[in-house]
Each structure stands twice: as structure tokens, then as C-alpha cells.
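In what follows, a structure is listed as C-alpha cells, so that the remarks can point back to it.
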Amino acid sequence: MTFDFEQKLASHGLELRATSVATLQVNVGKLCNQACKHCHVDASPKRTEIMTRETAEQVLAALRRFRILTLDLTGGAPELNPSFRWLVTEARALGTHVMVRHNLTVMFEPGQEDLSEFFRAHQIEVISSLPYFQEQQTDAQRGNGVFTKSIEAIRRLNAVGYGVDGSGLHLNLVYNPVGAFLPPAQSAIEADFKRELQSRYGLTFNQLYTITNMPIKRFLEYLRRSGNEERYLRKLVEAFNPNAVAGVMCRRLVSVDWTGKLYDCDFNQMLELGVAENAPQTIAEFDPIKLAQRRIVTGVHCFGCTAGAGSSCGGAVA
Amino acid sequence: MSYYEEDDLSRFGEIGKHRPDLFAKFMDWYQACQEDGALSKREKALIGLAVAHALQCPYCIDAYSQSCLESGSNLDQMTEAIHMASAIRGGAALIHGLQAHNSVHKVSM
Ligand code: SF4
Ligand code: SF4
């Protein structure tokens, strides 16, 4: 069995190249009010690395100049960056579609009480992690008390129209396996989430995305501590699905870190694997034409995107 | 040599070194049984888990515990399936008590 991703691609006559830059995914910093066990960013309340206004202005300049369709804001908890609301407001004024990777509990931090209203006012697409519809699993992964707060946050989002049919306000939830196993079929588990959240709490949402845990950073530490590393990697490699390769997210997005450096995805960003050398390296040099055909920089973690039905920021891909 | 090795689960295919034709037939049938049909994959994984417990096969218990997780089941649901298997085993043993009763009555005054 090969753990070499490039070799695996080659054995199927494939190579990984970008096709376009439809989305700019901006990680505005590692500061977060949570410290989840599976976090690939190693984010926590102790982290101090966050994007400055100057860099955020360069992001905005790139959106304006090249009319990028979607701005996908992530972190940490992106809302904790002091430039967050400014960047969202300016990007929306350009007509850019804005998605926020919102962890739900940040809504209860000081100064964030009106967050659901802010999202609604700017017609933001909200994407939120809820690893499971039961408290025990969710708290095991994301910390004690997170489930209860998350339920309350979804209630607030529903109250302003998020996840409610016909409102046009999208609330998509993210399922992660709580442990060293692969996610179930997206449509099957989505039906379970819808039924359980509705019957237990009267909550609604639009879509459920299943995302595979990446064997990097905090989740990799967990795999090592629990003696699951080899078994999990083997599982990912055995589940390699050549049909998932066309849908991996790096083919259509560029990821920006808090300093303005460019990467093929948020995972490569955390591993400090920058974009191919012959492509622009920073947001100041950003040029979607030069980035569109770039060769993607890969590693063993890429098996996480191509296992089974595949995994991306928008869930399963195949 | 110990009787059960965890790694043997991934070596299952080696059974097919002898009479590969039979093993291929078994695998085709086995795989086809797992797919979504009138029952969902998740329901089938729970049945697999229950049967694995009734048979007390450590390989199957490990494999179907993973299948249950990977088809979205939680420990409450899995434990209910295990109770079903155990209850039916228990009931099946108990109803044979009537055989014993019949046997005793047959020779009793
Ligand atoms: S997974 Fe999300 S919410 Fe959890 S620590 Fe990481 S960035 Fe924060
Ligand atoms: S890990 Fe990143 S670079 Fe690798 S396949 Fe996934 S999205 Fe692409």
C-alpha cells in the first residue's frame, strides 16, 4: 500500500491542478474562543496570530480588482478579528458572496450578542460545526458545554430566519466524525440531523456537510496518543476514490493566511506548504489567471479529501 | 501463536489464495448484501453488529462497530442492537426449556 498521494494519483493517470479561483478562503487568524480536539488550526483563546487591517485591505483590493465570486472567512473564530465586520461589510458592498465558518458559541462572547442580526443584515451564508446531534459526542470533541450553547445559537439564527425555508438565509451545518473513523453518507446523516434537531429542539437548517478529519495538527496528535495513526491512515488510503479528485476544493479556491501568504487550502496553510513556486505567493501579488492552472502541492493528508465520497469545505464531493 | 490477532482482519483476503473462485463468489455476495437496498446501509450495519455479537466473532464485532460509526449510528443505537441480539439469544435458550419440560413430562407420572 502506498501512502504517497502523488504516486496514487499517477497510478490512476491523474494529476492535481487548479481549474479556477472562484473562492478566496481567508483565515483571519488562529484566535478562537474554543480549543476543539480535532482542530487542524490548533486554534485557541491563547493564540495571538490574527490578520491586521492592512492585510485585510489587501484582501479587499484583490476581491475588488478581480471580481472574485466568493469570500470564505475562517479562523479560529473569524468574528474575533477586529477587522471582521469591516471586511464583511466592504466585501458585500462589492457584491461578493460571503461565507463565514461560524463556530456558534462565539455568539456568547462579549460584544458578539448581535451577531445573528449582523449576519442577516449582510445576507451572509453561515456554516457551522455541530459534530453530532447528541451532547456527549459534541462536547467530547469541542469542549464541555459547547452542545448546549450551540443549540441556543442555532435557535437565535433560526429566529432571524437562518435555516428557515423561503428566507434565503442559509445555515449549513458540518458533521465531523468524533474519532478515528470516516463520515457516513452525507444524505443519510443529514436526514438524521434534520429529524433529531427538529424533534428534540425544534431547530431547522439547510444542508449538512460531512467533513473527514484531517490527519494533521491536533487531530494527528490525538491519533498518535490513542494509537490510531496507522489504522486511520490506512483507512483513508484504502478508501481512495479517484472520482473524488475532480471535486477537491483546492481546484477552485486559494487560501490566504493571517500574514497574507497564499496556499492551496487551509490544510496546506497549517502545514506551511505554500502554493507552487511559479505562482504568486502573497495576497499583494494575487492574480487569479496565474493561480488558475497551478499545480497543487500535495501530501499524505490529501488522502483525507479523496476518501470515500470525498471531503471539502462544502462536504462530500463524489 | 495466539488464536485471535487484530491484524488478521485485514488479511481476510488471504483465504482466497486457495480456491479463489469460491472466495470471489463469497465476496461478491457479501459486498452486494452491504449496499443500500430496501434496507439502508445503516440498518444493515446494525444487523451486522447484532449478528456479530450473537456469533461472538471478535473480527466481525470490530468491523461492524466501525461500519456502524461510519454509517452514522451512535453508541445508544448500537447498544440497543446488541441487546436485541442478546435478548433473542436469551429467549432462544429459554424457550428450549420447554424441550426439557417435555422430556421430563414424557417420562414422569
Ligand atoms: S475547530 Fe473551529 S471552533 Fe474549534 S478550536 Fe478550531 S477554529 Fe475554533
Ligand atoms: S488537502 Fe488541500 S491540497 Fe490536498 S487535496 Fe485536499 S484541498 Fe487539495
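Taking a 1.4 Å probe, which of B:Asp8, A:Asp264 shows the most accessible area, and what order do the others take after it?
Descending order: B:Asp8, A:Asp264.
Let me know the volume per residue of the alpha-carbon convex hull for region A:137-234, in Å³. Intermediate values should be presented prior to the final figure.
Details: hull volume 10.7 nm³, N = 98.
Enclosed volume per residue, from the Cα hull, is 109 Å³.
Counting only DSSP beta bridges with both residues in the protein assembly as shown, tell me the antiparallel percent, nearest 5.
Just about 25 percent of them are antiparallel.
With viscosity set to 1.567 mPa s and temperature to 4 °C, compute the Stokes-Einstein D of region A:16-72, Rh being the Kirkwood radius across alpha carbon pairs; µm²/s, no decimals.
For the chosen part, D equals 98 µm²/s.
For the pairing of chain A with chain B, what total accessible surface becomes buried, with a 1.4 angstrom probe, in square angstrom to the nearest 100? List each step's numbers first, then the result.
Numbers: alone 13180 and 8660 Å², together 20880 Å².
Roughly 1000 Å².
Sort B:Trp29, A:Trp258 by accessible area with a 1.4 Å probe, largest first. Present the calculation step by step, with values, prior to reporting the outcome.
Values: B:Trp29 165, A:Trp258 85 Å².
Ranking B:Trp29, A:Trp258 by accessible area, largest first, yields B:Trp29, A:Trp258.
If you take each beta carbon of peptide A:177-188 and count the beta carbons of other chains within 10 angstrom, what is the mean?
4
Quick one: Cα centre-to-centre distance for region B:31-69 and region A:207-255, in angstrom?
Rounded to whole Å, the Cα centres lie 24 Å apart.
Are there cysteines in chain B with no second cysteine's Cβ under 4.7 Å away, and if so, which?
If one checks each Cβ against the other cysteines of chain B, B:Cys33, B:Cys68 turn up with nothing under 4.7 Å.
Over the Cα atoms, compute the radius of gyration (one decimal) and Dmax (the largest Cα-Cα distance, rounded to a whole number) for the protein assembly as shown, in Å.
Both quantities, over Cα of the protein assembly as shown: 25.0, 102 Å.
For all pairs of alpha-carbon atoms in chain B, what percent lies in each bin of width 10 Å, listed from the first bin to the last filled one?
Each 10 Å bin holds this share of Cα pairs: 13, 30, 29, 16, 9, 3, 0.
Out of all Cα-Cα pairs in region A:166-307, roughly what percent, to the nearest whole number, are more than 22 Å apart?
Numbers: 5184 of 10011 pairs.
Of all Cα-Cα pairs in region A:166-307, 52 percent lie more than 22 Å apart.
Treating cross-link reach as a plain straight distance, find the lysines whose alpha-carbon is under 18 Å from the alpha-carbon of B:Lys25, omitting any fewer than eight places away in the same chain.
B:Lys17
Other chains near B:71-77: what is the mean number of their Cβ atoms within 10 Å of each residue's Cβ?
5
With runs of 4+ DSSP H residues as the only contributors, calculate the mean residue ellipticity of chain A at 222 nm using -39,500 (n - 2.57) per run, divided by the residue total and rounded to the nearest 500.
-9500 deg cm²/dmol
7 Å from Cα along Cα→Cβ at both A:Arg225 and A:Asp4: what's the point-to-point distance in nm?
Computed distance between label sites A:Arg225 and A:Asp4 equals 3.4 nm.
Taking the simple approach of a point 7 Å from Cα along Cα-to-Cβ for both A:Thr148 and A:Glu135, what is their distance in nm?
0.6
Could you tell me how far the Cα centroid of region A:1-20 sits from the Cα centroid of region A:268-314, in Å?
Answer, in whole Å: 13.
Just tell me how shielded A:192-199 is by partners: mean number of partner chain Cβ atoms within 10 Å of each residue's Cβ, no decimals.
Mean inter-chain Cβ contacts per residue within 10 Å come to 1.
Percent antiparallel among DSSP beta bridges with both residues in region A:1-121, to the nearest 5?
10
State the Cα centre-to-centre distance between region B:73-96 and region A:44-120 in whole Å.
Cα centroid to Cα centroid, the span is 51 Å.
The values are calculated or read from the model by the stated rules, or taken from the named source; none is laboratory data. Keep in mind it's a predicted model, so treat the numbers as computed, not measured. Positions of Cβ are generated from backbone atoms using ideal geometry, with glycine treated the same way; all protein chains shown enter the neighbour counts. We work out accessible area using only protein heavy atoms, side chains counted, and drop any ligands, DNA or RNA first. Shrake-Rupley method; radii C 1.70, N 1.55, O 1.52, S 1.80 Å.
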